Each structure stands twice: as structure tokens, then as C-alpha cells.
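Remarks on the structure that follows.
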Amino acid sequence: MPISVHEATGTFHLYNNDLSYIFALVEGYPFQLYYGARVPDEEDFSYLVTECWMPSSVGASAECELVSFEHLSGEYPFVGADDMRPPALDVRTASGCNVLNLVYRGHTVERGKPALEGLPATYVEDPSEADTLTLTLTDDVTGLAVDLVYTVFAHEPVIARSARIRNTGTAALTVETALSGTFCPGDDRFELVELAGSWSRERHEVRTPLRPGAQGVYSLRGHSSHQFNPFLALVRPETTEETGEAYGFSLVYSGNHRMLVDVDAYGTTRVTAGINPEGFSWPLAPGEAFQTPEVLGVYSADGLGAMSRALHRVFRSRLSRGAWRDRPRPILINNWEATYFDFTEDKLVEVARVAADLGIELFVLDDGWFTNRNDDTAGLGDWEVDYAKLPHGLGGLAERINGLGMDFGLWIEPEMVSPGTRVWAEHPEWVLHAPGQPLRPSRHQYVLDLSNPAVVDYLTDRLSAVIGSANISYIKWDMNRSFADVFSQTAGAERQGSVRHAFILGVYELYRRLGERFPQILFESCAGGGGRFDPGMLFYAPQAWTSDDTDAVERLRIQWGTSLAYPLSSMGSHVSAVPNHQVFRQTPLKMRADVAYFGTFGYELDATAFAAEEREAVRAQVAFMKRYRGLIQFGEFYRLRSPFAGRGNECAWMVVGEGVREAIVAYYRVLQEVNAGRRQVRLAGLDPEARYAVREQGVPEGEAELYRRSVSGAELMRIGLNLTDESCGQNFSGRGDFISRIFVLERV
Ligand code: GLA
């Protein structure tokens, strides 16, 4: 059992081979004593309890003035205790009082991991994979009960936390703040790593030293956002990709979030994570319960890379679900950048015909297939096929696509509505809008009130009819705006603070229903590119559109940053045309593919426009990806050279397959350097004792061998992969800008 409870000392120790998480009851209150690398289990860790009077602190109670919440860290800091930092729990009574006194009532330990009602969460397939502790705290005055749920995975350095808030009293309560959990990684000698950005430059890695006070990431946009991903890491200043401590935190949630790192005056760092309390409240009648989302804590003693790989494994196989979870993903072609809204059935089939000939497996029809959708000003919400564009309906088009030997996929944007639609005319009350206030557009569209179950029912029926009308094997589920006028016209006054969270629950419910009705469909989530690329979505859709920016250079940073938390199997990555539609850059077809391989892979262009030699290049790219996608999408990913380091001119990463028998290494150089000299990239994850044949992809037979002999893993990891090309005085392999090279390593 990786959970040991020492009743005599009130000590709880959750551990596995990699980590320890220890808390203890002091005067009935649970305080977090340690979270970090594994330590041996002991009966007593009470020396970690600070028991001395410290000026300006408040005692936990009259009986124990020397113990203060400010100097210890409560497992679930609540308002009313003397913690003095942003709380995890704030609950108000009808009289306006929010002072609580939550004390330990009991606990249970069970094998396995229970599901979270109505919410996405990690899971186990066998009870032996994890143990779960539920700690119950109660407040006698209000009848409030809190179940703190902790799961420790047996074979991953991961702890999952969540909380269930129950009203066991007789009077109504209102939850104003209910976070998922807190983690205290000890001192304050850390740097904060976050994934920040905006549309088309999502999830750039940003690393800054911690300072006293609160810092962190949040969203108030209604979705997890392009701006701040619900992920952060604390690393030591000396931590690298391969060495040093890294604590990762990931919130399994797709709505307004907040992840705060609080550094207090005494050098203590505390991470709190959960639903953003801003604009949130949830009425709790007697007998009702509120379930928070789950937050994951990942501990790595071996750098950011090991932290990421643990998250990748968990997200890939213990968060994502369904028929596609473990399957290499189809190579697709999407018509968005090929045609935008301007297409006919014949044009689509022409694109598909060329693509099918090149080995592409799935044709995806993007935006524009439904009535009144000739630009982005109208059409969302009714979900009726536009027979002017598709005279034989979706079914007829799908048949023609299937006839080419390809699968057929479709774009939808369920949560949005455009003016002038039938659904708006019939149900104006289904649109989020505060009466009398301006209705604020974004991309000319508005938000349906998915906190209203009737809207979820409507969308379930409408979209089921659409999906059922054709042989559809893939759905791209888009969501293209942030929320502004958040007022539900059907919820009562006391429910308005619940609308944002209830909306996300509605989205999850719609995903659940459509996923159950169409279990063979591969869902890809999307939100104006990567505006909702989060673990909550991965529970329902195993892949997500990483960014609308498909430029190969921009994608280096976007995919590098995204990989801090998310596996390659989840990252939608396509080759698009040049000049690129977002940044107008011209990069070689080779580099565009060499970047897009590290994800789900596909094309987003008009295949009929390929020149003859481009067709042959694409045919070879598709064949390469088919050969190696299992390895790339399900192998272990190592980041080697950061596009955020130095001038950001280089980037390298690699994936190592099962049994360390095969690996793929990618190296990218954005601009030609002058007189650059030798160049090596140290590899990672190989077997130092094994020998590997190193072959460069796309290089003619006879020139592809990089070395005249096999090379040991030790050499490749300690000396590095040799990228110096003797035949080229200025620099290695190929001259000019936008150089990319792919190497296949095979154990000999
Ligand atoms: C969003 C998506 C794009 C495309 C368009 C269609 O921007 O991110 O990939 O589907 O919508 O309107």
C-alpha cells in the first residue's frame, strides 16, 4: 500500500518509488509537512511542525496558540483560519458568515481510483495501479463536510487531488471558492515555468524566478485559453531538461482556472489550483454536494523532461479514453486553408482524390458545410447541410470520399450561435446575454447557454442527426470565442455565479453523450487553434488542434512548449501551403513536414496545387509517417535543444521507441549561420551499452549513413550526434535558411 496511516501520530504518508507526500493532524487540523522526493516511511514526522510563537501570527485555537495556519500549511486552507493567504475554500451561510472551522472527522483508504461525477479525471484500469485516501473534515456550526481525495499512482510520480464539498446541515450554503488542492514543495528556491501566449502563438515556455507574493496563471475567458494553460511547474534554478528537481501541476479542467504560486514572508511556497473563484459561486442546499475538478502533482528528480514524460504517459493512457486512445492516428487532409468557405462537392472530391493517391487516409471537411455559412458572419447553430454546396448532402459526399478509400471527417462548433439563425429566433433565451446590456460579438458570433440542460439536449439531438447522416469517422469540435456577457436568461438569480462552471459541465456532458453514441469516432478538440488545449478536453478527445499557426518556425516553439505537459499523440500538427497563411513565411516542404511529424500529422492545403515533385515528396512523407507514427506518437519524448534558448535559431528533439530499439531525432536550424564551426547535439534516452545505426531520412541511398560504423548510445548521448558536414565549409548539411534533418536510429 503506498498510503500509510500512522494512527498514533496522526501522520499520513502517500508515496511510491519516486515521491513522498506527508501530512499530519495537529490539534485535529491536517497540515502538509512535506512533498518531494521519496523518503522512508516513519511513524512520526512531528519535528516538521513549527510550534513556537511568531509575531503577528494567529493561533489555530485558544488551546494551541503556538500552532498557526500561517506557519504550517493547511491541507485545504479555509476562510476563518489564520492562514492569511488566498484560501482553497470559502463558503458563506445565509447570514453572510464565511468563518469556518474544519476539523478532521475520519478517513478511508481504498485500492484504485474512483471516478469524479460529471468531470473528466485520470483513471486506473486495475485497482493495483493506485491507492486513494479520502480525508473527511467537518464544520459543526454549518454542517459543512469536505472530502479531500488523494490518489497516489503506484508506477507514476503522480498524485491526484480533488475535493467534494457537502452540505450535511439544515440551512442553505453558498460555495464562493472551492479549489482542487494545494501543494507545498517546501522552500522558495524555485523558478516558475508556465505556458503563456495568445492566438497563433500558444503555450510558449516562460521561465522566471519566484518572488515573494502571488504569481501564476489564470483564465477568465470561459475556456482554458490561449493565454495561460492550466499547467505550471516549479523548478530549481539549476534544473535542466535532464537534471534537477521539477514539480509539475496540471489542472484537469477546461473553463476559468487559477493556479497560484504563493511565496510567503517565511520562504514557504504553496501552489493552489482550481476553478477561478472570480465570478464563481455555487449554491449548496442541504443534502447537495459540489465536486471540484482534479489537480495533478508530478514530481521529477530528473529534470523537466522526466516530468513531461510522466504527464505524457498519464494523459495518453490514463486520461484519454476510447477506441482511438492507443491507436496510431490517421494521416488527414483538412480543406480549411485550401478553400476556406468557398468550395463545391466536386472541388472537395478533387482534393481528396489527389490526397488518397498520396496515401492520406482521412479527408476532413472544415467550416462552411451548413446553411448560410459563406463567411464567418452567419450560420452557426442550426446545423443543416447547405445543399447548394453539397447537393448530395454529407452522406453523398462521404460516399464519394469513402469510394476513394478514405475516411471522412467533419468540423462542428456546437457551443456557438450566429445572428439570423432559426435556433436564435426560436430560443432567444438560449443565448448568454444580460438583458438591457450590450451584446458583444467576437468573430461575429455569440455563446449558447450550455449551463441550460435544454440547450445540451438540443445540441445532442441536432448533432446526432448530422453525424448519423453520413459515414463519419472523425469530428473536429471547434469553439471560437471567449465569453463576455455571461448571464443565463434561464437560471435564477442565485445561479448566475454558477453559469461558467455549469457551462463547462454542459460541454463535458455533450461530449460524453456524442462520444457514447458514436464510439468509433476520433474527436479532435479545437478552440481557434489551441485555446482549449487542456487535460479536461483530452478525457473526451484524445487529440487537439495545437494552433492555427502552421508555420514551421512558429510551430517549433508552440510544439516545444505544448510538449511540456502534453503528449505528441494529442498534438494536431499539419503541413500547410506557403507563403504561410498566418505569418506569410516561405519554408521548404521538407521542414514543414519534419516539424509536423511530431504530432498527429496531416495536411491543410489544396493538394491539387502540388507540382509533380511535391507530390512525390508528400508521398514519401506520408509513407515515412505511416512507418514511424506508432513510435512517434507513443514513444518517450526528449527535448534536446530549446527554440527558446539563446537566439532561438536551433531546435532539436527526439522520440525513443519501446525497448529503446528505435529512435527518431529531429534537428532544425532557422537561419543560416556564418562560420559556425562544429555542431553536435547530445541525444537522450538511449541505451548507453547498445550500438545504433544512424541513417538520415530523405537522403539518397549511400549518403544516408551519418557514420561509417554503428555508434554506441554512450557516444550519442555524451559526445552527441555529429551534425558537422565536412563537405560544407560554412556549415553542415545544406546551406541556407530553414534547414531540418531527421535521423532514424536503429539498434544493431
Ligand atoms: C478555427 C479553427 C480553424 C478552422 C476555423 C474555421 O479558427 O482553429 O482550424 O477550423 O476555425 O472557421
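Bear in mind that the values in this text are calculations on the coordinates, not laboratory data. Predicted model only: the values in this text are computed from it and were never measured. Cβ placement follows ideal geometry from the backbone for every residue including glycine, while neighbour counts extend to all protein chains displayed.
The table that follows gives values for the structure above.
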quantity	calculated
Within the range 279-363: Cβ-based charge dipole about Cα centre, in debye rounded to nearest 20 (Lys, Arg +1; Asp, Glu -1)	580
Long-range HN-HN contacts of Gly169 with modeled amide H, under 5 Å	Gly287
Stokes-Einstein translational diffusion, the range 74-224 - Kirkwood Rh over all Cα pairs, 0.890 mPa s, 25 °C, in µm²/s	136
Centroid-to-centroid separation of the range 433-450 and the range 347-381 [C-alpha atoms, Å]	28
Linear extension gain, Val141 paired with Gln215, 0.36 nm per residue minus alpha-carbon span	23.2 nm
Zone of Ala172's modelled label, taken as backbone nitrogen in the range 285-307 under 15 Å from a point 7 Å along Cα→Cβ	285-289
Förster radius 22 Å - calculated FRET efficiency between Asp126 and Arg321 (Cβ-Cβ, nearest 0.05)	0.90
Förster radius 41 Å - calculated FRET efficiency between Asp41 and Glu658 (Cβ-Cβ, nearest 0.05)	0.80
Euclidean distance of C-alpha centroids, the range 172-246 and the range 625-665, integer Å	25
52 Å tail of the calculated P(r), the chain, as % of Cα pairs	14
Cα-projected label distance for Gln437 with Leu671, points at 7 Å along beta-carbon direction, nm	4.7
FRET efficiency for Arg105 and Ala645, using Cβ-Cβ distance with R0 set to 60 Å, rounded to 0.05	0.75
Dipole magnitude (debye, nearest 20) for the chain, charges at Cβ of Lys, Arg, Asp, Glu	1680
Size of charge dipole - the range 327-403 - debye, nearest 20, with Cβ of Lys, Arg +1 and Asp, Glu -1, no other charges	340
Whole-Å semi-axes of the range 610-748's equivalent ellipsoid (Cα gyration tensor)	22, 20, 16
Dipole-positive endmost among His427, Ala527, Ala484 within the chain (Cβ charges, Cα centre)	Ala527
Cα gyration tensor, the range 194-320 - rounded (a/c under 1.5), prolate or oblate	prolate
The range 24-116 shape via C-alpha gyration tensor axes, a/c threshold 1.5	oblate
Scattering profile of the range 559-668 at q = 0.13, 0.14, 0.17, 0.18 Å⁻¹ [log10 I(q)/I(0), Debye over alpha-carbon scatterers]	-0.51, -0.60, -0.87, -0.97
Listed residues Cys64, Pro212, Tyr458: farthest to the positive end of the dipole of the chain (Cβ charges)	Tyr458
Semi-axis lengths (Å, descending) of the ellipsoid that matches the C-alpha gyration tensor of the range 283-333	31, 22, 8
Where labels lie 7 Å past Cα in the beta-carbon direction, separation of Ala94 and Arg682 in nm	6.6
The range 21-49 residues near the modelled Ser61 label - backbone nitrogen below 20 Å, point 7 Å along Cα→Cβ	23-33, 46, 49
Residue-span extension gain [Phe341 to Asp187] - 0.36 nm each, minus C-alpha spacing	50.0 nm
Among Ser317, Gly274, Thr292 - extreme Cα towards positive end, dipole of the range 261-347, charges at beta-carbon	Ser317
Proximal lysine pairs, the chain, alpha carbons under 29 Å, eight or more residues apart or interchain	8
DSSP H segments from the chain that extend 30 Å or more along their own axis, Cα-based, with Kyte-Doolittle mean of -1.0 or above	612-634
Helix-only CD estimate at 222 nm, as mean residue ellipticity for the chain, using -39500 (n - 2.57) per DSSP H run (n ≥ 4)	-5500 deg cm²/dmol
